[in-house]
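Values in this text are rule-based calculations from the coordinates and carry no lab data. Everything quoted here is computed from the prediction, not taken from an experiment. So basically every Cβ, Gly included, is an ideal-geometry build from the backbone, and we count neighbours across all protein chains shown.
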């Protein structure tokens, strides 16, 4: 089984591709970068289904849909790797050559692709050093340190919050996509999950941070294997497992009898049972 599909080919997120533009002019194989093992390892961008226009080094423009797996910095350039739905294979893209970027699940338009992906990389962009430099006596350097702090603190806070929420958000996203789709009750359940998860992880109540995590959840279109990985990660912590289980139970109850959602629930419960939870 590949990371991006189930053996039976029934992927809930694929319903979001209906009507997507898949025509393109030219190949961008010259944009491929050498893939290291760490670049193929999924990080927090995994499970985001995005469409965009891409301008390659020859000026050829193609319309792409990408099931993201990982993004990373190489110098000042941000690369995004994943399963290209046009080529049906791994491709890497430069964020600075994307335009008209939007999340297929939420429909949210992304004005700045570079800034968007910068927040999903494992480290801040170059120049956003962590921890920030201590204050300096020289006023120019002090001002630089303050600017650096203003960029880095939100990145660091969001990064830590995303890390504690991402697996639960993936489980919730897969479950809702397996059912009747996104509804207001589902959104309320997701918000309750985020608020409870952040609180149990030591974050102070913060409306803006909750909203940022909601945006992340809204954009997820999770492949089956990522869902399985997420359930296993959730089950590593009993309190986290119980929180996600309760949320998934509510989602299933709202939609009624749905085989795909029921399967998601039982997969989650199996992960919990393997850890000795009842």
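The table below gives the values:
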{"item": "Region 186-249: C-alpha gyration tensor shape, a/c 1.5 cut-off, then a/b vs b/c", "result": "oblate"}
{"item": "Residue order, fewest to most surrounding Cβ atoms within 10 angstrom, among 241, 227", "result": "241, 227"}
{"item": "Full-stretch length increase - residue 191, residue 259 - with 0.36 nm per residue and alpha-carbon distance subtracted", "result": "22.0 nm"}
{"item": "Exposure proxy order (Cβ contacts within 10 Å, fewest to most) of 62, 249", "result": "249, 62"}
{"item": "Three-way shape call for region 156-278 based on the alpha-carbon gyration tensor, with the a/c threshold at 1.5", "result": "oblate"}
{"item": "Residues 162, 108, 94 arranged by fewest to most Cβ contacts within 10 Å", "result": "108, 162, 94"}
